[in-house]
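Notes to accompany the following structure.
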Amino acid sequence: MAQPQHKIHASTQKFTEIVDFVDEIVVLEGGNACLIIEITASNFALLSKREQDSRIFSYAALLNSLSFPIQIIIRNKRMDISNYLLELDEIIRTTKNPQL
């Protein structure tokens, strides 16, 4: 005889520790809190060697100064800059100053 199927009533809320959001702070179960920050992207390959070194050393100093665990999520996405390049070509074509 077939066993009766039981519906699963669990939701994702049972698996997350998030209780509330207060301004930019995430309040977790147990009274803990965390902060989510977002930074803007930069094309590391286009930076000078000095700027690259500065970013690397600053990032290392930040990580070494922390006394608590962190989670870092990096999102990489393709950008279509063809319109931007067309605008630059137009500016180059219409600029009368050869030094620019």
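Just a few scattered comments:
- Residue 81 vs. criteria over 17 Å from the mean Cα position of the chain (by Cα) and under 23 Å from residue 44 (Cα atoms): yes
- The residues of the range 65-86 that are part of a helix (DSSP H, G or I) and over 18 Å from residue 37 (Cα atoms), listed by number, are 82, 83, 84, 85, 86.
- Among the conditions (1) modelled with pLDDT of 85 or more; (2) assigned to a loop (DSSP other than H, G, I, E, B), the only one that residue 45 does not satisfy is (2).
- The condition (being surrounded by 10 or more Cβ atoms within 10 Å (Cβ to Cβ) and either among the basic types (Lys, Arg) or closer than 30 Å to residue 20 by Cα (or both)) is satisfied by just one residue among 81, 56, 36: 36.
The values are calculated or read from the model by the stated rules, or taken from the named source; none is laboratory data. Since we're looking at a predicted model, the values are computed, not measured. So basically every Cβ, Gly included, is an ideal-geometry build from the backbone, and we count neighbours across all protein chains shown.
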